[in-house]
Every structure is written in structure tokens, then in C-alpha cells.
Amino acid sequence: MTGRYIYRAAAFITLFVGLPTTSAMSEQAEVLVEVDSLLKDTVQRYCLTCHNDRTNTADFSLSGLSSASRMPAEVLEKVLQKLRAGEMPPVGRLRPDAETTATLLVRLEQLLDAQASVSPNPGAPAIHRLNRAEYRNAVRDLLDLDLDHARDLPADDSGYGFDNIGDVLTVSPLHIEKYVSAARRISRLVVGTMVPRPVVERYESPRGKSEEALDQLPPNARGGIVFRHYFPFDAEYVLTVRVGGRRASGMPAPRLDLRMNGRRVHLVDADFSGEDGNQGSRNFEFRMSVAAGDHEIGAGFLTEFARIEDIGATTLNDVSVDYVLVSGPFGATGPGETTSRRRLFVCRPELGHEERCARQILGEVARRAYRRPVTSSDIDPLLELYQLGRIEGGGFEAGVEMALSGVLVSPNFLFRTEGAPPGLAPGSVYPVSDFDLASRLSFFLWSSIPDDELLDLAGQGRLSDTEVLAGQIKRMLADPKAGALVDNFAGQWLHLRNVADWTPDPELFPGFDESLRYGFLRETQLFLEHLIREDRSVFELIDADYTFLNERLAEFYGVEGVRGGYFRRVSTEGTERGGILTQGSILMVTSYPTRTSPVLRGKWVLENLLGAPPPPPPPDVPELPDRAGASPGSLREALEQHRANPACAVCHARLDPLGFSLESFDAVGAYRLAEQGRPIEAVGVLPDGTVVDGPRGLRGVLQARQVEFVETVAEKLLTYALGRGLTSSDRPAVRQIRRQVAVHDYRFSTLVAAVIDSVPFRFRRKPE
């Protein structure tokens, strides 16, 4: 058994590195001879002056390691990375010529990849707790209940830039308490066994998002709110809409439009003038019968003098919805036949056969929740809970409710675990099972559990088939659930999650408001969704000549001809904007609240686009002051003085030129030519002499370093897909992903497929 699995692993791995299994060792030996000669000469002539046992510069010595065969893979990987980035030898020191460097890079890659093919190490991921986003999505897809059940769970820790890293997703007694509480609440909502006591829930109007409400309310509505609410019973409910604002003189009363699931349920004149006859606020109550289940509620004002389906008329009354209260249920008649109940109750009990139906229900929900086939050892404990609940609650549904709670607190649901085939020795490498592959796919692309199609294919043993897997990847990327890649992967990789909390100084940036904040985030989200949905090249992240704007954001960017609150694709050709680097979201989160920061922006580029993060600053070097009065000119002078310190110059020589190229955009992303009477100098010079002149120059630098850029994107995506940090043993896989993507024009779907095809994703090592 052991030999067979290892043979399959080796055959699969060599397929991707392009070396036949029978010749891998001999080719490695041939490459080693040439690398040894090149490396020995290079190290002795250019490296040992600094990196020896005595000076040990950067805690890195190459003494006694002039032969590649004596160098650990992690040392060779570091040498490869520094040579490719042009960081070593330092500028001003004797360097090998370009041809020698290029040859050494190629041969080092070949050697490392050949070594990896002979001794693969795909890693042994830790047990992985579902994070809050995965928990919410899993409940949604398991029970068709799309509520934020994870809102009360403790915040997730992050590692390697992501909050789905298994090593940091710990479990505390508070987690257990919150999981039990959430399981009870979810089970009662789905089954409908909760006591129908009237409650009041409040939904605040998202300030600045009224333009988004325009997309979901009637097209000519303004000042609105859209939200989802779960109604637990067939009953009457009261919706209280609080409105306020200013009514224009001589204008008719604005008309309040209330909708449920896109259909109008009420349209009233909202005459709420205050004592001055001009402004005030008022509550409007609407009592209505609502069927149990999840419903979308929308409330907003119709634009004056606009036809019902027109777009773009100007709002003449400055009015808006402040909040909506949902009260109820009143006179409940039952839980109703919600989609959640229909999904759960796959059968109805017949007299004397209730337990058989309960077993069928629990078997089906456990199979989907546990992401694998279930056995009697899985179902029997749930049936015990069913019997207990049936006795205590007095009926079949009460028993199912308690058993469902057991499913939702089971480690089989809350944790992702992967088992090894029986008989494998510790340290053996083996392909993950089809069921584990299904989970890896779904949590990677959807941040959720596998659907029935994935589980069915896994049960048939067909999911790992090349053509079947390719079809599933295409299907999953086309599914709306793939939006999780934008929210959870890009949201953390690009720091988009920081947009909501970033607060520029209101005195320095009075034009910034919540609608602009929302516009920044929505622009980047739509841009990324378009890149994924249309399968564009990943290079459009840095050089796209289009973006997505609404009227408010277009005015801020100085783009003419955009009218209305909805976002649409707009060309940026001929402007200074292009790609994500010039979008307001990125420019804002890489600034201070009072000023721009070339250091933060340069660091962001190095970390997230070039994979060359600078080390932390020495502890004895003071930070630059974050003062409101710092002008671009004085800031440049301060940084030049900062770089006079040799300890600072090593990093700032790489950081500052990249950051200065974006100085023509202020701390909230507005384009500028001057500040405080001084012209903007958006120019910098990299250590190798490359001039970075403005945003266009920065795009040129990134395009010239496409190997590092593509490998960085691949590294980030692979880290997220695996839920663990990468090691030197994963670098050959990253390079292979880069090569596969290059063959197919760097399209996003190819990047995803290459990550899924990689050794770390498809294989696992049995822990020692």
C-alpha cells in the first residue's frame, strides 16, 4: 500500500515539473554539476565578503556552502530570490554580469524543482477550524439560512495575511459557549420550534449607501435602505420606517416606496414637515401579513417628476430613511413552509415510523455538514439527541431540532480534518481523497462546504479525474458564491477590509464622506468581480485601462459623462489612473489620516505585488512624524535625511521610489499637481538606477518584473487556498503555477486551476 501511494505521488508530481520519473535523478545530477561551478565562483567572488561566518551579515552565512549539494533548499531559495530581485550583491558592490546571473537563475530553478520532484513535501496541514465567514456560509448552504450567525463569535486571528490559517484558528471556552448558543438559535429558526414572542429588530440606514439602494429599489428611488430579515413564523409584522430631512419649498410631499422582495407593498405621501414647515422627521407604520422565511425589505423615496422606471432625475427634496424597525410576530399561525424547512425535512414521519424518517433526515444533513459519507457511528449519537428532544419537547420536530443542534456543534462540522489511507508510514506522501479534495475546492473558491454535485462526484471517485475537475472549477468560478474570493481573499490580500474603518482627517479632507468611502470599496470589488467573471489577465490588476464608477466617484476622479448612482464600466485611457494602484481604496488605506505616506505605499507594493517585504525597521530608529502640516516637499526632505542612516537606506532605497511615484494622489486618492503651493514630485530612482516617474512609471516597473508579480499573486492565492503559510518546499510549486499561467495568457481561471493542480493542494504528507 505504501509503495503504491508513493509511486502515484511521484508520477503525479513529475507530470507537473516536466521531468520523467526514470531520469529525474540523472537530470538533477547534470544540473548540479553546472550549478556547482557557477555557484562556487559566484559565492566566492561576490558574496563571501559579507556573508561569512565572521561578519554573518543579515544573519546569513555562505561559508562552507559553495557547493549546491551542501546547501539546504531554503538557503538556495533565498539566494534565488535575492538574485532575481536584484537585491544582491548590493548596489555599489561588484556584481556578476547579466548573462551569468540569468544562467544561474535558470539553473537554480531547475535544480530546486528537480529536487522537489524526487523528494516532494506537500506539507501536513493542521486541523482547521471554520472561521467566521466560513461558518456563516456553511450554515447558509447547509440550511438555506443566510443570516450572520457568526456575529457573536470571537474575532478570528490572522496569520500570513489571512484569517483562514489553520495554525492560528484556536478554540477557547468562549468559542464553545458561542457555538452552542448559535446552534440552538439556528435549529429553532429552521425547525420553527421557537416560542412566537414579539421582538423588535432595528436596521440602520447605511449612510452613504443610498446610491447602492438605487440599484435594488426602483431605479428612481433615493435616500433608501435595503436589508434582509428572517421572519420566523407565518404572522403579522409591523414595519416602522423612520424618515427625516428637508422638503424643498413649493415641492409636493416626497413619496415613500416600501418594497418586499422587489415588489411594492406600499406607496405613501411622506409629509413630515416640522414646525418651521421645512424639515423634521416622522415614523410611518405598516402592518402586514408575511410568510415565514428570509425576505428582502427596501424603503426609499421616489424622485420628483420622474416616471416610475426612469433613471437619473435629480432629487429635489433632501429626504432619507433613517432606520426601519421590524416588530413581531403577532398572531402567528405556524412556522410556515420555508425553504430551510423544506431542505431539512426530506421526509415526513408515518405513524410508528418516526425514527426511520428521523434517521433519513439526520443522515442527509450530516452527510452535507460533515462533507463525507456518514456511518452508524455518526448517526447513532444524533438519534439519541433526537429521542431526548422528542421526549422533552413532546414531538417529532422537537427531536429533530435537538439533533440538528448536535450536528452544528459536532467537531465533524466545525473542523476540517483529512485522514491518511491505512497502512502508510509517517512521512509518506499521498494524494488527498476525493472527499477531502471536494472540501479543499469549496473552502478555497466559496469559503463554504461542498454542494451536492461535488459530494456526489467524490462519492463516485470521479472528482479527481482531470476533465471532471476542470469542469467543476469552471462551474464553481461561475457561481455567485465565488464572490467569496473577492470578499475573503482579495479583501485581505489587498487590505480592502481596512476601507470601512479608515477615517481621514475631516478638517484636511472635508470632501470625503461615507458615500465616497462606499464608492472606493465598491469600485475595487466590481473591478475584481469583473476580472474573475470575465476571466481576464491577472496583469490587469496593474495595467487595466478601465474601472467601475458611479456619478459621485466619477466627479471625485474628474471623469466626465457619468450620471446616476449605479456603477458601470468606464474607460480610464488617457488619464493617470489604471489598475488597482490608482483606485481610491488602495490609495486611502496606504496613507495616514493626515497625509500620504510614500513608505506605506512602497511597502504595500513590495509586500503584495512583488513578494519582497522589507524587514522591520531597527528598534533604535525613530519613525517619521505623522503631522498634518507635512507637505510633499518637506516629507521628501525628511525621508532623504532618514536614508542618510545606512541602516535605514538598505530598505528605504527600495521603498521610497515606489511610494513617491504615487504622490500625485493625496491621502484620499484625489489627483493633484501641487500641494501648499509646491509642485508634486512623483519621481523616484530605484537602487539599480531605474527611474520611476509617476503612476505610469510604476506600472512599467511592475510589468518589467512580471516573474515576481505573477509568483507573488500565486503565492498569496496558494497560501489562502491551503490555509497555511508557505515554506521553501512550496517554492517549486509556486514557480510551476507561474509557468502554467504564462502558457494561457495569465488568465485568472488558469491561475486558479494551476493552484488546484499543484502538489501542495492535491497531495498531503502523513505527519511524523
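Report the residue count in the range 150-181 for those that are in a loop (DSSP other than H, G, I, E, B) and not hydrophobic (A, V, I, L, M, F, W, C). Matching residues across the range 150-181 total 10. Residues that are surrounded by 14 or more Cβ atoms within 10 Å (Cβ to Cβ) and basic (Lys, Arg) were ranked within the range 534-567; the one that is nearest to Ala714 (Cα to Cα) is Arg536.
Taking the range 410-434 as the range and being under 23 Å from Ala138 (Cβ atoms) and more than 24 Å from the chain's Cα centre (by Cα) as the test, the residues that pass are Ser410, Pro411, Asn412, Gly419, Val432, Ser433, Asp434.
Among the residues of the range 430-445, is there at least one that is farther than 30 Å from Ile186 by Cα, surrounded by fewer than 21 Cβ atoms within 10 Å (Cβ to Cβ), small (Gly, Ala, Ser) and not assigned by TED's automatic domain parsing to the domain that holds Ile176? Yes - at least one qualifying residue is present in the range 430-445. Residues in the range 737-768 that are under 20 Å from the mean Cα position of the chain (by Cα) and polar (S, T, N, Q): Ser749, Thr750. Of everything in the range 409-429 that is modelled with pLDDT of 95 or more and in contact with a Phe, Trp or Tyr (Cβ under 6 Å, 6 or more places away or on another chain), the residue that is nearest to Leu469 (Cα to Cα) is Asn412.
Can you confirm whether the range 467-489 contains a residue that is in a loop (DSSP other than H, G, I, E, B), among the charged types (D, E, K, R) and surrounded by fewer than 22 Cβ atoms within 10 Å (Cβ to Cβ)? Yes; the residues of the range 467-489 include at least one that is in a loop (DSSP other than H, G, I, E, B), among the charged types (D, E, K, R) and surrounded by fewer than 22 Cβ atoms within 10 Å (Cβ to Cβ). Consider the range 362-389 and keep the residues that are of a type in the set (A, V, I, L, M, F, W, C) and in contact (Cβ under 8 Å) with a residue 40 or more places away in the chain. The one that is farthest from Met402 (Cα to Cα) is Ala369. Output yes when any residue across the range 155-164 is in contact with a strand residue (DSSP E or B) (Cβ under 8 Å, 6 or more places away or on another chain) and either in the same structural domain as Arg371 (by TED's automatic domain parsing) or closer than 17 Å to Val409 by Cα (or both), and no when none is. Yes, because at least one residue in the range 155-164 is in contact with a strand residue (DSSP E or B) (Cβ under 8 Å, 6 or more places away or on another chain) and either in the same structural domain as Arg371 (by TED's automatic domain parsing) or closer than 17 Å to Val409 by Cα (or both). Is it the case that some residue within the range 148-161 is modelled with pLDDT under 85, in contact with a helix residue (DSSP H, G or I) (Cβ under 6 Å, 6 or more places away or on another chain) and basic (Lys, Arg)? No, that holds for no residue. Any residue at all in the range 208-218 that's buried (at least 16 other Cβ atoms within 10 Å of the Cβ), modelled with pLDDT of 70 or more and not basic (Lys, Arg)? No, the range 208-218 has no match at all.
Glu663 falls short on exactly one of the conditions (1) touching a Pro at 6+ places or on another chain (Cβ under 6 Å); (2) crowded, with 21+ Cβ neighbours inside 10 Å; (3) modelled with pLDDT under 65; (4) not β-branched (Val, Ile, Thr), and that condition is (3).
Checking the condition in contact with a strand residue (DSSP E or B) (Cβ under 7 Å, 6 or more places away or on another chain) and at pLDDT 95 or above, which residue from Thr547, Thr590 passes? Result of the check over Thr547, Thr590: Thr547.
Looking across Arg151, Arg202, Arg197, one residue alone is basic (Lys, Arg) and touching a residue at least 40 places away in the same chain (Cβ under 8 Å). It is Arg202. Looking only at the range 711-733, filter to residues that are within 14 Å of Tyr160 (Cβ to Cβ) and over 19 Å from the mean Cα position of the chain (by Cα); which one of those is modelled with the lowest pLDDT? That would be Thr727.
The values are calculated or read from the model by the stated rules, or taken from the named source; none is laboratory data. Computed from a predicted structure; not experimentally measured. As a convention, Cβ positions derive from the backbone with ideal geometry for all residues, glycine included, and neighbour counts pool all protein chains shown.
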